[in-house]
2 protein chains.
Amino acid sequence: MIAPHPERAQIRLADVLVALGNPLRLSIIRVLADGGEHSCGSILDGVAKSTLTHHWRVLRDAGVIRQRPSGRENLLSLRRDDLDARYPGLLDSLLDAAKRDSTAD
Amino acid sequence: MIAPHPERAQIRLADVLVALGNPLRLSIIRVLADGGEHSCGSILDGVAKSTLTHHWRVLRDAGVIRQRPSGRENLLSLRRDDLDARYPGLLDSLLDAAKRDSTAD
């Protein structure tokens, strides 16, 4: 069973910003920014599964990612269409900013 | 006495996003987006002073706003120069997104 995702119209900016206000979750969306579906286990190395499960939930509940069951695992993707429709330009600005932060560190 | 502000290079995206991940704080930066300095008491009506003091601190510590003492109160302004330098385009995207959210409500 997969938890429900908020509809596009239910997405709220404050929730999206809280969800992305975490270095690990910023790293996750940078991986998903390629537009593909990624299995849960393939995105970040060296992070405990229970920790990642928490982060998937935060991102999913905010409307940032979609989780789709596939066999024994979930596939994750960025909800770019929904985010771009709600907040044009925001996701690209955020991805660019995340890249600048990671380069500066 | 006024608390120290992070230098431009110390600003971190995750901190900025957490600071802005709150409807009240998004309202505050929409007021400050006019580029002027505003006295603490002139920005939002109907919110307790202690509550606002908390929000100023969160925004200041993240590098989003600057507080400058003036007589018996503080003047607040948005750190647009610093944010634009660190994350080009991000602040405008966020302000536009906040406007869309408020219109949709």
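Label zone (B:Glu73, point 7 Å along Cα-to-C-beta; backbone nitrogen cut-off 11 Å) within the stretch B:15-42: B:38-42. Rounded to the nearest 20 debye, what is the charge dipole size of the protein assembly as shown about its Cα centre when +1 sits on each Lys and Arg Cβ and -1 on each Asp and Glu Cβ? The calculated dipole for the protein assembly as shown is roughly 400 debye.
Using a Gaussian network model of chain A in which every pair of alpha carbons under 10 angstrom is joined by a spring, one finds that among A:Ser77, A:Ser39, A:Ser50 the greatest mean-square fluctuation is at A:Ser50.
How shielded is B:21-28 by partner chains, expressed as the average number of their Cβ atoms within 10 Å of its Cβ atoms? Mind showing how you got there, number by number?
Values: counts 11, 3, 4, 1, 2, 4, 0, 0.
The mean count of partner-chain Cβ atoms within 10 Å per residue comes to 3.
Projecting the Cα positions of A:His54, B:Leu91, B:Gly35 onto the charge dipole of the protein assembly as shown (unit charges on Cβ atoms of Lys, Arg, Asp and Glu, taken about the Cα centre) puts A:His54 furthest along the positive direction. Between identical copies, the spacing of A:Pro4 label points, each set 7 Å from Cα toward the C-beta atom, reads 4.8 nm from nearest to farthest. For the stretch A:73-105, backbone nitrogen atoms closer than 16 Å to the point 7 Å from A:Ser27 Cα along Cα-to-C-beta are found at A:98-105.
For the stretch A:61-90, backbone nitrogen atoms closer than 11 Å to the point 7 Å from A:Glu37 Cα along Cα-to-C-beta are found at A:67-71, A:73-77.
Grab the DSSP H runs of the protein assembly as shown that are 4 residues or longer, score each as -39,500 (n - 2.57), total them, divide by all residues and round the 222 nm result to the nearest 500 deg cm²/dmol. Mean residue ellipticity, 222 nm, calculated: -15000 deg cm²/dmol. Note on the stretch B:11-99: percent of Cα-Cα distances in each 10 Å bin, starting at 0 and stopping at the bin with the largest distance, equals 17, 56, 25, 2.
For B:Ala48, place a label point 7 Å from Cα along the Cα-to-Cβ direction in every copy; what are the distances to the other copies, in nm, shortest first? Copy-to-copy label distances for B:Ala48: 3.6 nm. Among A:Asp82, A:Asp45, A:Asp92, the residue with the largest mean-square fluctuation in a Gaussian network model of chain A, with springs joining Cα atoms closer than 10 Å, is A:Asp45. A point 7 Å from Cα along Cα→Cβ stands in for A:Glu73, and the other copies hold the same point at 5.6 nm, listed in rising order.
Computed from the coordinates by the stated procedures, all read-outs in this text should not be read as laboratory data. This is a predicted model, so every value here is computed, not measured. Neighbour counts run over all protein chains shown; Cβ positions are idealised from the backbone, glycine included.
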